[in-house]
Amino acid sequence: MSTLSRALCRTGLNLAIAAGALGAVPALQAQVLGSTQTYRDVVFSLSNVTQSLGIPSSCNEIRIDASGDFANSTKFTLFGALNCQTTGTAYSLAGSGYFGFDGTLNMAMIMGNGLALRCPTLAGYAGNCTFHNSAGVQVGTATVALKP
Amino acid sequence: MTPTPASRTRAPWWVLPAVFAAGLCGALLSRGMAPAAAPAVVAAAGGTAATPAAPIQGPAQADHLSLQGVVVLDGQPLLALLRDASTGTVRVARDGDALGSGLVVRGIEAERVTLAHAGGTLALSMAPVPPPSAVPAPRVPPAAMPQAAGSPSGGAPASDIAALPPLPEGQNGNAAFRAAIEERLAALRR
């Protein structure tokens, strides 16, 4: 058998072993059934909102409930409001979030006025967010921080 | 005057286009007369793709039949589009067509078709077209919505709900939320 033939056979054998291992993985996985917990009134401060968006400066508090299987998962849903306490108004918010292995918090929400609020890679539960219109175009920025 | 060989062979300029047009008309007419033209007429008139339907099984099947449309040519109802709900198919039928197991088309009108079977006749009428459903008006005028980068606002977008009641200072779910995240992260890192 030539060197090339032996190399091809060895490669084929490795591929077969790898394919077998991949096929065996689902059989080894255990099904995890979790329960959903809801953490209510998770409150972030919102500041430095781009003025041209027309969002009053009094809308400075993101108050949401976070719901998910926090014992088994890193993903959760968010629902609540961008609260404007002094004017007695608010924008509804709904979205999702997850935390990564690096400990950063990532959130994206749709606001009641049609804008999307994206807050990616919040280190230490604080960082920068961007506003996007319905076409996905960024139209503004803001800063958030989880309140004490 | 004796025509020269050259003038005898030269035809008027319109002869060639006329021959071509006559041929085209003939081809179109023969196509229109052929039975194979029926599906094309149906597709154009009804807008429903008439799939080859399975034979309808019998008079009991009449319960599943509905009249989807009638193709009218030159003022004459010509073809009926019959939908069989049990098979989800549409059959194109002409007057006199046997639909299978004793059902025969006996009369096509503008919005009605009569079917004959061993026990008598039954008529199928076109279902009335439902009025379009009402769409609620948007709460925020589109002009007030940010449209594109560079001109994000056409006015202040209105907030959409009443403010949430304030929480007493220091009362929120942040500590528990943070603890849940950090506990999960610690478990993942172990």
Checklist outcome for this item: Shape call for region A:37-146, from the Cα gyration tensor axes a ≥ b ≥ c (a/c under 1.5 means rounded, otherwise prolate when a/b beats b/c, else oblate), comes out prolate
Item to check | Distance (nanometres) between label positions extended 7 Å along Cα→Cβ at B:TRP14 and A:GLN138 | outcome: 7.1 nm
Checklist outcome for this item: Under the rule rounded for a/c under 1.5, else prolate if a/b exceeds b/c, else oblate, using alpha carbon gyration tensor axes a ≥ b ≥ c, region A:58-101 is classed as prolate
Checklist entry - When Cβ neighbours within 10 Å are restricted to other protein chains, what is their mean count per residue of peptide A:43-51? => result 1
Checklist entry - What is region A:37-146's relative contact order, in percent, from Cα pairs under 8 angstrom and six or more apart in sequence? => result 22 percent
Next on the checklist: Just checking the output field for A:95-105: average partner chain Cβ neighbours within 10 Å of each residue's Cβ?
Outcome noted: 2
Item to check | Cα-projected label distance for A:ARG40 with B:LEU185, points at 7 Å along beta-carbon direction, nm | outcome: 2.7 nm
Item to check | For B:164-175, mean number of other protein chain Cβ atoms within 10 Å | outcome: 5
Item to check | Most to least packed among B:176-188, A:47-59, A:71-83 [average Cβ atoms within 10 Å] | outcome: A:71-83, A:47-59, B:176-188
Checklist outcome for this item: Exposure-ranked with fewest Cβ neighbours within 10 Å first, B:HIS64, A:HIS132 stand as B:HIS64, A:HIS132
Item to check | Burial ordering of A:TYR98, A:TYR125, A:TYR39, fewest other beta-carbon atoms within 10 Å first | outcome: A:TYR98, A:TYR125, A:TYR39
Checklist entry - Taking a label point 7 Å from the Cα of B:ARG178 along the Cα→Cβ vector, which residues of region A:40-57 have an amide N closer than 16 Å to it? => result A:40-46
Item to check | Spacing of the two label points (7 Å from each Cα toward its C-beta) at A:ASN48 and A:ALA145, in nm | outcome: 1.1 nm
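Since every read-out is calculated from the coordinates, none of them should be taken as a lab result. All values reported here derive from a predicted model rather than from experimental measurement. When we count neighbours, we look across all protein chains shown, and the Cβ atoms used for this are built from the backbone with ideal geometry, even at glycine.
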